[in-house]
Amino acid sequence: MNKRVYVIAEAGVNHNGSLDLARELVSVAARAGADAVKFQTFKADKLVSRAAPKAQYQRATTDAEESQHEMIRKLELSDADHEALIAHCKVCNIDFLSTPFDLDSLALLAGRFDLPLIKMPSGDITNAPLLLAAARTGKPVILSTGMSTLGEIEQALGVLAFGYSEPEAAPSMSAFEQAYVSAAGRAALQARVTLLHCTTEYPAPFADVNLRAMTTLANAFDLPAGYSDHTVGIAVPIAAVAMGAVVIEKHFTTDRNLPGPDHQASLEPDELAQMIRSIREVEMSLGSAVKQAAPSELKNRAIARKSLVAGAEVRKGEVFTADNLDVKRPGDGLSPVRYWELLGTVADRDYGVDDKVQR
């Protein structure tokens with residue numbers, strides 16, 4: 001990833017099963033200036049049981065009588081769909097990413113399509129077999145941490161550390177713990193893993209965002225941290241960048257009124273573009289921690305600052321007092337910090353009102 005904030009436009013399943021709509025989402029993300037557009041790769045039969053209930057937000061935005069399995073099955077992308085989208089991303093000069101939700105999907109993305117990194121979802125932070133397989137691809141991992149505790153994140157990182165540093169060894173809980181604290185495991189995590197703070201609700205209430213936890217993740221695990229946003233609007237991801245996020249992920253759609261589970265909690269094209277413009281402005285504004293005069297403001301220093309001037313006519317040999325010594329713009333004369341130094345001294349020449357005092 002680049003040193004600048006890596007912005008992932010999350011298309012997710014907002015293609016509604018349509019390749020044409022998925023292509024349009026790629027184009028929208030590229031025009032908005034995103035670094036990557038991300039989809040979701042899964043097979044319904046491997047992702048969810050037929051008895052699994054829908055989330056409350058899914059029941060509110062889709063057919064309440066439909067099962068989660070039925071909803072998910074309609075949103076699968078075929079292998080050919082992936083090929084077409086990857087090709088379109090190359091044309092649009094934007095990275096293609098997708099989140100794998102099962103082992104076969106991971107193998108497809110990391111193996112056949114050789115994606116540059118793997119984005120793991122919050123829901124799989126306890127899915128040790130999938131995390132282990134992701135690490136053993138050797139590819140960088142971005143791990144979302146919604147719904148999790150620090151202990152669960154540490155456990156997941158232990159699995160990743162083991163997968164990266166022990167590609168052939170048999171997995172076990174003790175092996176994960178040892179890998180997490182080993183020099184090789186720590187080095188692998190620091191080289192390949194980015195954590196994303198996240199609140200897994202659609203839309204996420206502002207009171208539940210707890211954005212300071214992003215900083216906690218970075219400090220607790222000594223890893224780069226970013227933010228995956230599900231709030232309404234663009235204020236929170238922009239704030240996350242100001243707080244040091246290295247990755248921002250945000251859902252978007254072509255139209256919030258489309259049917260489907262995630263459209264209502266997504267940005268529309270103009271909003272996505274505005275968010276990315278604002279992110280670039282904020283990251284540019286962060287600049288350096290050194291406090292000094294910026295090049296652009298140097299020309300204003302003499303205009304905005306003040307100098308010591310005669311507040312009344314002063315004759316040569318007359319004493320400077322509070323009644324005849326004043327402070328006024330411009331600031332190209334003696335600095336007012338010398339005001340007390342001049343009080344009580346004798347003028348070495350005549351001064352008219354507002355003449356700059358010289359020494």
Send over a whole-number figure in Å² for the accessible area per residue of the chain, probe 1.4 Å. 49
GNM of the chain, Cα pairs under 10 angstrom: of 295, 129, 100, the biggest fluctuation goes to 295
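Rounded to the nearest 0.05, what FRET efficiency do residue 292 and residue 80 give with R0 = 41 Å and r taken as the Cβ-Cβ distance? Could you check?
Calculated transfer efficiency: 0.15.
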Choose one answer from 43, 90, 291: the residue with the largest mean-square fluctuation in a GNM of the chain with alpha-carbon springs under 10 Å. 291
Tell me the label only: which of (1) 21.0; (2) 22.4; (3) 23.7 is Kirkwood radius over Cα pairs in Å as calculated from this structure? (3)
For every helix of n ≥ 4 consecutive DSSP H residues, a contribution of -39,500 (n - 2.57) applies; sum these over the chain, divide by its total residues, and give [θ] at 222 nm rounded to the nearest 500 deg cm²/dmol. -10500 deg cm²/dmol
Just going by the charge dipole of the range 184-337, with Lys and Arg at +1 and Asp and Glu at -1 on Cβ, which of 233, 324, 300 is farthest out on the positive end? 324
Nearby lysines by direct alpha-carbon distance to residue 299 (threshold 27 angstrom, same-chain neighbours under 8 apart not counted): 291, 328, 356
Within the range 23-162, count lysine pairs with alpha carbon atoms under 17 angstrom apart where the residues are 8 or more positions apart or belong to different chains. 10
Looking at the chain, do any whole DSSP H helices span at least 15 angstrom along their long axis by alpha carbon and average -0.5 or above on Kyte-Doolittle, and which? 19-32, 79-92, 150-165, 269-286
Ranked by GNM mean-square fluctuation in the chain (Cα springs under 10 Å), the top entry among 346, 26, 181 is 346
Give me the distance in nm between label points sitting 7 Å out from Cα along the Cα-to-Cβ direction at residue 210 and residue 338, one decimal. 5.8
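In the chain, what % of DSSP beta bridges are antiparallel (nearest 5)?
Close to 20 percent.
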With a sphere of radius 14 Å drawn around the Cβ of residue 229, what net charge do the other residues whose Cβ falls strictly inside it have (Lys, Arg +1; Asp, Glu -1)? -4
Of every hundred units of 1.4 Å-probe accessible area on the chain, the number belonging to carbon and sulfur atoms, as a percent, is 51
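The values are calculated or read from the model by the stated rules, or taken from the named source; none is laboratory data. None of the values given here were measured: they were computed from a predicted structure. Neighbour counts run over all protein chains shown; Cβ positions are idealised from the backbone, glycine included. For accessibility, only protein heavy atoms count, side chains too; no ligands or nucleic acids. Shrake-Rupley method; radii C 1.70, N 1.55, O 1.52, S 1.80 Å.
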